[in-house]
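The values are calculated or read from the model by the stated rules, or taken from the named source; none is laboratory data. For clarity, every value in this text was computed on a predicted model and none was experimentally measured. Heads up, the Cβs are rebuilt from the backbone with ideal geometry, glycines too, and the neighbour counts pull from every protein chain shown.
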Amino acid sequence: MISKHGGKGVGLSGSDGTMIVARKIAPQRLTVDGVETEVDLGWVGETEEINPEILLTLAERITYLSYPQLQQMIKERPERQR
């Protein structure tokens, strides 16, 4: 709807700008009906770090944010990072 009125959209994933750094969970050993099997859980992991800088940089240049938490992060950022 925003694009209908001349706005520009940006799509991001966690790997963009190393916004989310995660560690993949190792394959798990499961026993079902007495049979042991190794199961790879795919893209399941533990978050190690969140780097909001790419979001904060974009947020300074856009007029609409759909995430109130991001707006709060911008307000709370120290002046030297602005």
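Would you mind stating whether I50 is of a type outside the set (D, E, K, R) and closer than 18 Å to R77 by Cβ?
Numbers: of a type outside the set (D, E, K, R): yes; closer than 18 Å to R77 by Cβ: yes.
Yes.
Filter the stretch 1-45 down to residues that are modelled with pLDDT under 90 and among the basic types (K, R) and give me whichever is nearest to L58 (Cα to Cα).
Applying the filter and picking the extreme gives K8.
Can you tell me which residue is farthest from the chain's Cα centre (by Cα) among those in the stretch 32-43 that are loosely packed, with under 10 Cβ neighbours inside 10 Å and on the phi < 0 side of the Ramachandran plot?
Selected residue: V35.
Within the group R29, R23, which residue is basic (K, R), free of Cβ contacts under 8 Å to residues at least 40 places away in the same chain and either surrounded by 11 or more Cβ atoms within 10 Å (Cβ to Cβ) or under 30 Å from E76 (Cα atoms) (or both)?
On the way: R29 fails: either surrounded by 11 or more Cβ atoms within 10 Å (Cβ to Cβ) or under 30 Å from E76 (Cα atoms) (or both).
When all the criteria are applied, what remains is R23.
Take the stretch 3-29 and flag every residue that is closer than 14 Å to V44 by Cα and part of a strand (DSSP E or B).
I20, V21, A22, R23, K24, Q28, listed by residue number.
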